[in-house]
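Reading through the structure tokens given below for one structure.
The values are calculated or read from the model by the stated rules, or taken from the named source; none is laboratory data. The structure presented is a predicted model; accordingly, all values stated were derived computationally and were not measured. Glycine gets a Cβ as well: all are built from the backbone with ideal geometry, and neighbour counts include every protein chain shown. Please note that ligands, DNA and RNA were not included when accessible areas were found on the heavy atoms of the full protein model with its side chains. Shrake-Rupley method; radii C 1.70, N 1.55, O 1.52, S 1.80 Å.
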Amino acid sequence: MKRVAVLTSGGDSPGMNAAIRAVIRSAEHFGFQIFGVRFGYRGLIKGDFVPFTSSDASGIIQRGGTILKSARSDEFMTKEGRQKAADQLKDKKIEALVVIGGDGTFRGATVLAKEHGIKVVGIPGTIDNDLIGSDETIGYDTALNTAMEAIDKIRDTADAHERLFLIEVMGRHAGFVALETGLASGAELVILPEYNRDIDEIKSSLKEILKVHSRSTLVIVAEGEQTGGAVKLGEQLEPEFKQYDMRVAILGHIQRGGSPTAHDRVLASRLGYEAVKALKDGLSGVMVGVINNEVEITPLEETFEKIKKIDFDLVELSKVLR
Ligand code: F6P
């Protein structure tokens with residue numbers, strides 16, 4: 001095998017550039033010719049390839065976003081779309097693809113490999129941290145720190161007015177960001193998709209908390225939780241909690257941006273290297289990850305078919321420490 005391509009797909013995450021850098025330099029190290037595909041699967045269908053050399057990896061380790069750009073492609077979800085993508089790869093004599101992204105990216109890669117015999121290796125890159133096969137995904141640590149810093153600032157103003165705040169953090173189907181930012185920022189309550197709480201239970205927890213917390217109260221709400229996020233939850237709470245001058249803050253896409261933390265840069269560097277090494281060793285249809293600080297290889301399908309569990313001990317801890 002001589003030619004390998006790399007792409008980033010789905011929601012970008014801080015550290016994707018560090019992973020691209022590691023893929024480029026490791027590919028050179030192992031003697032592969034390396035190409036970048038711009039705009040994820042959308043670019044793959046169109047044949048938007050750029051040849052990479054080691055110097056293209058200079059000065060990007062510290063940059064947020066992705067120099068390859070990213071996209072969510074509906075066309076790639078169709079058989080015809082994947083056929084076009086495979087044709088582009090075959091046309092350029094590229095045999096293998098390194099895909100950096102989350103569950104949607106890996107679903108697409110799995111089908112592409114099965115239908116067209118393209119070799120694929122995945123690198124977990126999503127702030128949601130919702131993939132089996134790696135304790136952490138690239139970008140998660142940076143997103144936690146970004147959210148925590150924003151929440152600390154909200155705490156100042158919440159204290160000043162002795163207000164109740166509902167703060168929504170990202171996590172489409174998973175509460176990892178909400179749980180850990182909640183713990184790290186000393187939030188009084190966390191609302192998670194994995195932790196089934198109906199509105200009455202939320203109200204009664206909040207009433208208990210408000211009995212003892214007069215300074216300020218922060219509730220961290222995962223966007224994917226049952227009531228539909230902080231705005232909807234706020235509307236349901238408003239009538240009974242009027243006297244706390246409640247405010248809603250949605251942290252949104254700031255959580256996806258910014259310079260990656262040292263932790264994410266190191267993780268991305270390790271995984272970028274391991275992905276190329278996996279291809280060199282003849283592996284395909286797998287994701288590289290780090291579990292208990294050891295590199296682990298997991299079948300791509302397992303990474304998104306099984307649901308990664310949040311740590312319920314941390315949920316209990318957040319209740320004890322609030
Ligand atoms: O999967 C990462 C993520 O940031 C989720 O937390 C969020 O729900 C989603 O992407 C937002 O996607 P978009 O940027 O396409 O609106």
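Rolling a 1.4 Å probe over the heavy atoms of the protein chains gives the chain an accessible area of 43 Å² per residue. Evaluated with a Cβ-only charge set (Lys, Arg +1; Asp, Glu -1), segment 68-175 carries a dipole of roughly 760 debye about its Cα centre, given to the nearest 20. Within the full protein context, the accessible area of Lys2 is estimated at about 140 Å² for a probe radius of 1.4 Å. Sequentially through segment 253-259, phi angles give Karplus couplings (6.51, -1.76, 1.60; θ = phi - 60°) of 6, 4, 5, 8, x, x, 5 Hz, Gly and Pro residues having no value and appearing as x.
Here Lys46 is the anchor, and the lysines within straight C-alpha reach of less than 17 Å, apart from those fewer than 8 places off in the same chain, are Lys69, Lys79, Lys84, Lys90, Lys92, Lys93. Treat each spin label as a single point 7 Å out from the Cα along the C-beta direction, and report the Lys90 to Ile291 distance in nm. Rounded to a tenth, the inter-label distance reads 3.6 nm. For Ile138, the amide hydrogen comes within under 5 Å of the amide hydrogens of Gly125, Thr126, counting only partners 5 or more places away or on other chains and with H modelled in the peptide plane.
Along segment 107-122 the Karplus relation, 6.51 cos²θ - 1.76 cosθ + 1.60 evaluated at θ = phi - 60°, assigns HN-Hα couplings of 4, x, 5, 4, 5, 4, 5, 5, 6, 10, x, 6, 7, 10, 10, x Hz to successive residues, with x for each Gly and Pro.
Of all DSSP-defined beta bridges confined to the chain, some 25% are antiparallel rather than parallel. Between 0 and 90 degrees, the angle of helix 79-91 with respect to the longest Cα principal axis of the chain falls at about 50 degrees. In percent, rounded to a whole number, the relative contact order of segment 1-120 is 35, using alpha-carbon pairs under 8 Å and six or more apart.
Among all the lysines, which ones have a C-alpha under 23 Å from Lys306's C-alpha, if same-chain residues fewer than 8 places away are not counted? Output for Lys306: Lys114, Lys119. Rounded to the nearest 20, the size of the Cβ-charge dipole of segment 1-124 about its Cα centre is 140 debye, with Lys and Arg at +1 and Asp and Glu at -1. The apolar share of the surface of segment 239-280, taken as the fraction of accessible area on carbon and sulfur atoms (1.4 Å probe, ligands and nucleic acids excluded), comes to 57 percent. Since only Thr298, Val23, Pro239 are under comparison, the one whose Cα sits farthest along the positive direction of the charge dipole of the chain, derived from C-beta charges on Lys, Arg, Asp and Glu, is Val23.
Rounded to the nearest 20 debye, the dipole magnitude of the chain is 1300 debye, with +1 charges on Lys and Arg beta carbons, -1 on Asp and Glu beta carbons, and the Cα centre as origin.
Glu201 to His253: extension gain in nm, 0.36 nm per residue of separation minus the Cα-Cα distance?
The Glu201-His253 span can extend by a further 15.8 nm.
The H on the amide N of Ile291, modeled in the peptide plane, is under 5 Å from the matching H of Asp135, Glu296, each at least 5 residues off or on a different chain. For segment 24-53 versus segment 200-263, the spacing of their alpha-carbon centroids is 42 Å.
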